[in-house]
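The values are calculated or read from the model by the stated rules, or taken from the named source; none is laboratory data. Model, not experiment: these values are computed from the prediction. So basically every Cβ, Gly included, is an ideal-geometry build from the backbone, and we count neighbours across all protein chains shown.
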Amino acid sequence: MLFWVCVGMILLPMVVYPAFMFVLGLLFHRGNGHSYNEYPFVTVMVAARNEEKCIRERIQNLLSQDYPKQSFEILVASDISTDRTDEIIKSFADRGVRYFRFDKRMGKSALMVKLSGFAKGEILVFTDANTQFSPNTVRELVEPFADPRVGCVDGSKQNSLDSVTCESIYWRYERMLKALGSRIGAVLGATGAVFAVRKDLYRPVNPARADDFETAVFARIQGYSCLYNPKAVAAEPTPENSIQYHRLVRIVSWMIGSAFSLFGKAVKAGKYGLAFQLAVHKILRWNMGVFAFIASAAGLLMAVYDSPANILFISVTVFNMIALAGGVAGNRIPSFLRLPYFFWLMCIASLSGVIKAVTSQAVSVWDHSAR
């Protein structure tokens, strides 16, 4: 019984939730026949910390966007960079790029809040210093806002590696869920590398925690839809699994507190569907490692209380042996055989992030990893 309860708690966010969203999309698909006659003024915001290797290319990429130049501005903040980042940003002053540097190091989230206070645009576009947009990405992010019901639009972050990694599998899964949620205007969270929000909806409860996830969900709490536009494409370097693991630990440790806070706000605002999404797709999924460990232990104990021939014992043993082999062999085995390894990698990383959050070790300021 313990085994099947834990398996059910794993399948709920991984399988049942997507199926449920698919059915809702069929029953309550929202249309969008709105379009702009004249595009609104847009502010693109970038936070950079020691990004001399890519910040020039990033700014040039933004300047080349297919969007009306008279309705477009770029704000770039240096988070106390110690390399040539500031110098490079300043070199674009004659092209209208606005440079900012504040008195102390803040981290990306707090910097974005600061920049929003200087923004002239009615739409804020958030992105990273090491990201590259397709030429029409800003236009595609802005287009859905022609519908006054839309408060936030998420774009599509693409994998930059030829090999299959834990993160590439994760983003394929996330993009699928975002597409399902977008059919009913219920995308949960946004992608920090490429998303946009109405400026008057950007009201961080805590400036230090105003991340992409919280910003998108809070727009929905205020009664607006959050959509996903796969045509708004951003490419970002994807690190190997070891770096991805530490990044996922950091993200979960940072966001789990926001998830609980937003859950309470959603319930208080009567947004019970949103509260359900937060509970299942975020809070439960991030704690999936607990159920995975218990299910493994329960399955293995079947050999003690029943027999080594018990099908559950055999299934758990084979699954975990494949996971171990996937971690050792790496790309030398087919990607589908590495799925058990990716599953355990995400479970352990999420659980580590939750532990860090509970023990007040969540990381809000960090340096980029080698890429």
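Points worth noting:
- Scanning the range 174-213 for residues that are at pLDDT 85 or above and of a type in the set (Lys, Arg) yields ARG175, LYS178, ARG183, ARG198, LYS199.
- Residue within the range 190-206 that is free of Cβ contacts under 8 Å to residues at least 12 places away in the same chain, surrounded by fewer than 20 Cβ atoms within 10 Å (Cβ to Cβ) and outside any strand (DSSP E or B) present: yes
Residue by residue, here is whether (1) more than 24 Å from SER109 (Cβ to Cβ); (2) more than 23 Å from the chain's Cα centre (by Cα); (3) at pLDDT 95 or above; (4) not assigned by TED's automatic domain parsing to the domain that holds ALA196 holds:
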{"site": "CYS54", "(1), (2), (3), (4)": "no, no, no, no"}
{"site": "ILE59", "(1), (2), (3), (4)": "no, no, yes, no"}
{"site": "LEU63", "(1), (2), (3), (4)": "yes, yes, yes, no"}
{"site": "GLU73", "(1), (2), (3), (4)": "no, yes, yes, no"}
{"site": "VAL76", "(1), (2), (3), (4)": "no, no, yes, no"}
{"site": "ASP79", "(1), (2), (3), (4)": "no, no, no, no"}
{"site": "THR82", "(1), (2), (3), (4)": "no, yes, no, no"}
{"site": "GLU87", "(1), (2), (3), (4)": "yes, yes, yes, no"}
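- Residues that are of a type in the set (Asp, Glu) and either more than 28 Å from PHE41 (Cβ to Cβ) or under 21 Å from the mean Cα position of the chain (by Cα) (or both) do occur in the range 116-134, at least one of them.
- Looking only at the range 124-153, residues that are buried (at least 21 other Cβ atoms within 10 Å of the Cβ), outside any strand (DSSP E or B) and either of a type in the set (A, V, I, L, M, F, W, C) or in contact with a helix residue (DSSP H, G or I) (Cβ under 8 Å, 6 or more places away or on another chain) (or both) come to 6 in all.
- Residue match in the range 1-14 (condition: in a strand (DSSP E or B) and either in contact (Cβ under 8 Å) with a residue 24 or more places away in the chain or not acidic (Asp, Glu) (or both)): no
- You will find that of LEU351, LEU345, LEU324, the residue that is outside the structural domain of ASP212 (by TED's automatic domain parsing), surrounded by fewer than 16 Cβ atoms within 10 Å (Cβ to Cβ) and at pLDDT 85 or above is LEU324 and no other.
- Annotation note: Cβ proximity below 6 Å between a residue of the range 309-323 that is without any contact (Cβ under 8 Å) to a residue 12 or more places away in the chain and a residue that is assigned to a helix (DSSP H, G or I) (sequence gap 6+ or interchain) occurs for ASN310/MET302.
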